[in-house]
Amino acid sequence: MKDLLKKLGVDYLLVNCTNEYLVEYPALSENARYTLTGFSGSTGDALVTEDNIYLFVDGRYHTQADMEAKDGVTVVKLQLGQKQDEEIKKLVNPNKTLGVVSKKVSQCRLERFKGFKIKLLDKDPIKDFTEPHDSSKYIQAMPKRDFTPQKPMFVSNLEEVSYLTGLRDFSSDCSSKIWAKLFVDNEKQILFTAQRECEKFLQEFDSELVVDKTSINAYDYSLIKNPIHKSSEIKFMKSVKSDDEIDAYKKAFAKTDKAVMAIRDFIESNDNLSEYDIAKRLREEFIKYGAKSLSFNSIVAVDKNSALAHYAKNSKDVILKEGSLVLIDCGAYYESGLATDITRVFVKGKPSDLQIEVYTTVLKAFLNAYNCHLTPVLSCKEREYVAGFDLDQTAHSILDGKIKGFTFGHGLGHGIGINVHEAPPALNQTEIAHTEIKDNMTFTIEPGLYNPEHFGIRLENSCYMKYGIIHSFVKMGYEGKLIDYDLLNEQEKEWLEEFEIL
C-alpha cells in the first residue's frame, strides 16, 4: 500500500464501498472497499495510510467486521451519533494529500473535506469497474410522473430517475431501478444510458443546471459549467406514495407474507437444515408467489449469527438444530418494482426462557413504536405530528439496558420504495428523522436486541401512514411459543390482537 500511495502521489487514500452511481448495494465485484478489506457489509468505507488500513463500520456490523476483515485491517467501530467522515478527518493530516476517487464520492461529501488537501482520481486504483446494464430490458411498471422543474435539472440518483420515468429494470438481482441519468426541463426529458453521452451533454450545456450535491458524483459535477445546488424535490415527492403505489404494496406484501409463512412451515417440517438450505428455499418461495427478484440478499442467521444485524453468509455448515433460533430478514420485488421488507424469528422446537424473554421484549418495543401516534412521547407532545425520531425514541426507551448483555445498536427503521432503503422518512436519531411522517409515507419498524454470545432478535414490519394512523402492510403473525404475556401490559395485549398469533 505504501508503494501505491507513492505511485498515486498521495499520503492517504479513501476507498469507497459504492460504485460510480453511488448506489447503496453495489455488487461485491464493484466494491473496492470489499476488495481491499474483505468486509462484505453494505456500508462503511476504508482509509489507507502509510502505516495502516482503517475500516469504518456502524453498530450493525461491529461483530461481522471483526470476523471478515483481513489481517492488517484496523476496524473502527462507530457508535450511535458518530459520523464516519468526522472520524476519518481525525486520522488525516490536513497538510498532507488525501486521494479521493471522484466518481465514487458525492459532491456534497467531497465538500465536507474543505480545508484538506485533496487529489481527485478519475480511476479507482483498487477496483475500477461498474457492471454494464442493458437498457433494452427496461419496462414501464408504473405511470410516468408529471414533473416540470422551474429550471433545467440533472438527476443522477437512480431511484429518482426510475420514479420520474416509471421505468423498471429487473435484469439485475436485488434491484428494480434503471441504470441511467436524466435531464429534465419544462419541455422534455432526456435519458442517458451511456456515461460518455452524458459527459458530452454536461460539458456542452451552457445554461444553469440544477443538481443535488448529495447524489451527484464529484466527477459529473466537475463537468457542469453553471451548477446550482438544490436539495432534490423528487426525493420528497417519491417518499409520499400514490394510492396506486399503496395498493401495489398491499398486493406485494400479501405475496411476501405467503413466502415467509411457507419458509416457516419448511423449517418446522424438516430437520438438519443449513442456513443455505433455508435461503435457497426462500428464494424459490418468493419466485413461486410471483417475485421478479429479491429486493436484497436474504439474511438467514442461526443462533449466534443472528446477533449480526446484517449477517450475509447463509452458510452451508451452520445447521438448525433442536432449540436453535433462526432470524430471517427478506423481501422481494414484484410487478410494481417496489421493495418489500420483513424480518421474523423462529425457533426449532421448544424455545429457551431467554429466547422468550428477548423476543417478547422486542415485540413490546414494536407494539409501542407502532402505536406511537396514540401515546406520543415527550419529544412530539408539543407539535401536531409524529416523526421517525419519536418512534425510535420510544423503542430505545423500552430496549436500552433492559436485558443484560443485549443491546439495540441501530436505528428503528427506514423508508421503503424503489430502493429497500429510502429517506425520508427515517426512524433514527439523525436530523432527517425529525421531519413529519406524512400520509402515504412507507417505512419499516424493526426493533432488535443482540448479544454476540447468544443470539439476536429483530422483528420488522413494513408500514404506512394513513390519516395520521400507522398501518402494517405485513400481516404475517408472531410466534405464540415465544411470547410471555406476563411481560406485556393490558394495552400491549390489546394492540397485539391486530396480528395473528401463530
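Listed values, structure above:
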| item | result |
| --- | --- |
| Antiparallel DSSP beta bridges within the chain, percent to nearest 5 | 75 percent |
| The chain, relative contact order [Cα under 8 Å, separation at least 6], % | 12 percent |
| Cβ crowding within 10 Å averaged over residues, with 425-437, 332-344, 128-140 ranked highest first | 332-344, 425-437, 128-140 |
| Lysines whose Cα lies under 21 Å from that of K83, excluding same-chain neighbours fewer than 8 positions away | K104, K114, K117, K213 |
| Normalised contact order of the stretch 135-233, rounded percent, pairs of Cα under 8 Å and 6 or more residues apart | 26 percent |
| Alpha-carbon centroid distance for the pair the stretch 421-497 / the stretch 145-164, whole angstrom | 31 Å |
| Calculated P(r) over Cα pairs in 20 Å bins from 0, in percent (choose from [x] 20, 40, 23, 13, 4, 0; [y] 21, 45, 29, 4; [z] 22, 56, 21, 1), label | [z] |
| Separation between Cα centres of the stretch 237-252 and the stretch 298-322, rounded to whole Å | 32 Å |
| Distance histogram in 5 Å bins (all Cα pairs of the stretch 362-458, percent per bin) | 3, 15, 25, 24, 17, 10, 5, 1, 0 |
| Phi to ³J(HN,Hα) by Karplus 6.51 cos²θ - 1.76 cosθ + 1.60 over the stretch 5-17, Hz, x for Gly, Pro | 4, 5, 4, 7, x, 10, 9, 9, 9, 7, 10, 8, 8 |
| DSSP beta bridges in the stretch 2-121 [antiparallel fraction, %, rounded to 5] | 35 percent |
| Relative contact order, percent, the stretch 81-131 [alpha-carbon distance under 8 Å, six or more residues apart] | 39 percent |
| Leading residue at positive end of dipole, the chain (Cβ point charges), from G323, L282, V211 | V211 |
| Mean Cβ count within 10 Å, highest first, over the residues of peptides 30-39, 216-225 | 30-39, 216-225 |
| Total formal charge among the other residues, if their Cβ is under 15 angstrom from that of N489, Lys/Arg +1 and Asp/Glu -1 | -3 |
| Dipole magnitude (debye, nearest 20) for the stretch 135-233, charges at Cβ of Lys, Arg, Asp, Glu | 140 debye |
| P(r) weight above 19 Å for the stretch 135-233, C-alpha pairs, percent | 39 percent |
| Relative packing of peptides 55-61, 467-473 - highest average C-beta neighbours within 10 Å first | 55-61, 467-473 |
| The stretch 2-121: Cα Rg divided by the 2.2 N^0.38 Å rule of thumb | 0.99 |
| Debye intensity ratio I(q)/I(0), log10, the stretch 225-362, q values 0.12, 0.16, 0.18, 0.19 Å⁻¹ (C-alpha model) | -0.56, -0.85, -0.99, -1.07 |
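Here, each number is a calculation from the coordinates, and none is a lab measurement. In this text the structure is predicted, and so the values were computed from the model without any measurement. Virtual Cβ from ideal backbone geometry, glycine too; neighbours counted across all protein chains shown.
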